[in-house]
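Here's the structure, in structure tokens; my notes come after.
The values are calculated or read from the model by the stated rules, or taken from the named source; none is laboratory data. Everything numeric in this text was worked out from a predicted model, so none of it was measured. As a convention, Cβ positions derive from the backbone with ideal geometry for all residues, glycine included, and neighbour counts pool all protein chains shown.
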Amino acid sequence: MSNFKLAYHANCWGNLGGDAVGVTSITNLAYRTFGDMRRAFADIAAAGYEGVELFDGNLLDFSTDDMRSLLADNGLALVATYAGGNFIFDDILPEELARVVRAADRAAELGAPHLVVGGGAKRFDGIREADYHKLAAALDRVKEIAEARGLTAHYHPHLSTIVEGPADVRKIFGLTGIHFCPDTAHLAAAGGDPTALIREHAARISYVHLKGFQKEPFTFTPIDRGDVPTDGIIAVLREAGFAGWVCTELDSWPDPLEGAKASMAYLKSA
């Protein structure tokens, strides 16, 4: 893994969710992990990672100075923050983009290179073709926000959104100029071949989310186990000359430190 820089997402150190106030105030909604970020940073450093990614809510819980100190105390770099939105509803889009701006401002202050967003809401009565165009236009706005702050913006296809499987991925990246952050487990869970999709879209990939996926019973796993052929993913990234940050993540695991160490052990041997 000498060509890659290795980061870990802090989302495993507590339950995943968002701010309840977002039900009635879109402006104040954010992703977050309900856990101790100080413990997460210490564990991530102890497992041997150089960088960390944070949900926007967890990032903004800290002042710039406090977050800078927490990173320095653990010898970590802030690699990215992850935000999101529905991105298809015209009336609330300005509120969602205002949240992205807040997260991007803080990430830029702390020297992070990347901004990642997920989203693209599924309507209660089904997906409309126009929604892909609305999402793409919003993602181009996110790209502009990021570039104005010296960040690279990425879209992260995700289960439960309108961009899940290979056809959705091809469609959205034909409509927007934003970079593609492949999450290898989400792509596999949606019926895609992560290796093939990374090869197909290599020119748009400058940041990667890497995790394992087990089909039966459905669960995300450390990358040393599960049903995602990680060896092939590593190989195709090397073929493409990828030399950036790879962020391993694991949405939930009984012992977060053990999960982080298991993935690192695999990465050291890859």
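Summary of computed values
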read-out: Number of positions in segment 203-222 that are in a loop (DSSP other than H, G, I, E, B) and out of contact with any His (no Cβ under 6 Å at 6 or more places or on another chain); value: 7
read-out: Residue count, segment 152-168 (criterion: among the polar types (S, T, N, Q) and either free of Cβ contacts under 8 Å to residues at least 12 places away in the same chain or assigned to a loop (DSSP other than H, G, I, E, B) (or both)); value: 2
read-out: Residues being over 19 Å from the mean Cα position of the chain (by Cα) and either modelled with pLDDT under 95 or assigned to a loop (DSSP other than H, G, I, E, B) (or both) - total across segment 28-48; value: 4
read-out: Selection status of residue 15, out of contact with any helix residue (DSSP H, G or I) (no Cβ under 9 Å at 6 or more places or on another chain), within 21 Å of residue 249 (Cα to Cα) and at pLDDT 95 or above; value: yes
read-out: Residue match in segment 182-202 (condition: in a helix (DSSP H, G or I) and acidic (Asp, Glu)); value: yes
read-out: Candidate set: segment 51-105, residues that are among the charged types (D, E, K, R) and closer than 21 Å to residue 150 by Cα; chosen: the one nearest to the chain's Cα centre (by Cα); value: 53
read-out: Residue match in segment 223-230 (condition: of a type outside the set (Ser, Thr, Tyr), within 18 Å of the chain's Cα centre (by Cα) and assigned to a helix (DSSP H, G or I)); value: no
read-out: Which numbered condition residue 9 fails, given (1) surrounded by fewer than 17 Cβ atoms within 10 Å (Cβ to Cβ); (2) under 28 Å from residue 231 (Cβ atoms); value: (1)
read-out: Residue satisfying condition, being farther than 30 Å from residue 229 by Cα, among the basic types (Lys, Arg) and part of a helix (DSSP H, G or I), within set 171, 143; value: 143
read-out: Of the criteria (1) surrounded by fewer than 23 Cβ atoms within 10 Å (Cβ to Cβ); (2) touching a residue at least 12 places away in the same chain (Cβ under 8 Å), which one residue 269 fails; value: (2)
read-out: Residue in segment 231-259 that is nearest to residue 81 (Cα to Cα), counting only those that are among the small types (Gly, Ala, Ser) and part of a loop (DSSP other than H, G, I, E, B); value: 244
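Here's the yes/no breakdown for (1) buried (at least 16 other Cβ atoms within 10 Å of the Cβ); (2) within 24 Å of residue 49 (Cβ to Cβ); (3) of a type in the set (S, T, N, Q); (4) touching a Pro at 6+ places or on another chain (Cβ under 6 Å):
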position	(1), (2), (3), (4)
156	yes, yes, no, no
164	yes, no, no, no
173	yes, no, no, no
185	yes, yes, no, no
191	no, no, no, no
196	no, no, no, no
221	yes, yes, yes, no
226	yes, yes, no, no
243	no, yes, no, no
